[in-house]
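The values are calculated or read from the model by the stated rules, or taken from the named source; none is laboratory data. Nothing here was measured: the structure is a model prediction, and the numbers come from that model. Glycine also receives a Cβ, built like all others from the backbone with ideal geometry; neighbour counts cover every protein chain displayed.
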Amino acid sequence: MSKYDSPLKNIRIASPCSADWDAMRGDDRKRFCGECKLNVYNLSGMTQYDAEHLLRMNEGRLCVRYFRRPDGTILTQDCPVGWAKVKQRVTFITAAVLSMIVSLFGAIFLVSSFRRPEVTMGSIAYPRPTPTPAPTPDEMPLMGAVSVPKQAPKATLREVKGEFDVTIRKVEPAS
């Protein structure tokens, strides 16, 4: 069984052309050369399948333009090495942008942790209390002592079996 051999591996330029690609009319895949009166096909602007198909179908004189890598392979539009470079570049740019975003949020967090406002959202700010004057010796509380009111209530107390019975005087409202 024969092994498939790509026509792109065996391509050789018999006589290199000095015509300027940018001076020709056409698109990125095919342009017309006024010097040799042929269509010039850009193999590097085609997929590998399209380039191989073009080389197999044209038995006559064919004018092509392509880029050859240092290892001898021809660069096509869907080249896996080219896609790997594109993926590598996109990955690098994505990682750089992501690290910049993370650094920005880290810097914002760091700055905000050092600078705390006095009142934060959700807390209640109470006015600062005014200092009270020191109490006089008569106003000093005594721990454990019972304070006796200056006027005793008019109710009389009598002892009944360990309970207190308070007689309450009914006071009529002033009219």
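The table that follows gives values for the structure above.
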quantity: Only listed residue being farther than 30 Å from Y41 by Cβ and modelled with pLDDT under 75, chosen from P131, P135, P80; calculated: P135
quantity: In region 39-64, residue nearest to P7 (Cα to Cα) [restricted to those that are aliphatic (A, V, I, L, M) and surrounded by fewer than 16 Cβ atoms within 10 Å (Cβ to Cβ)]; calculated: M57
quantity: Residue list for region 1-51, restricted to those being among the hydrophobic types (A, V, I, L, M, F, W, C), over 12 Å from Y66 (Cβ atoms) and not in a loop (DSSP other than H, G, I, E, B); calculated: A23, F32, C33, L38
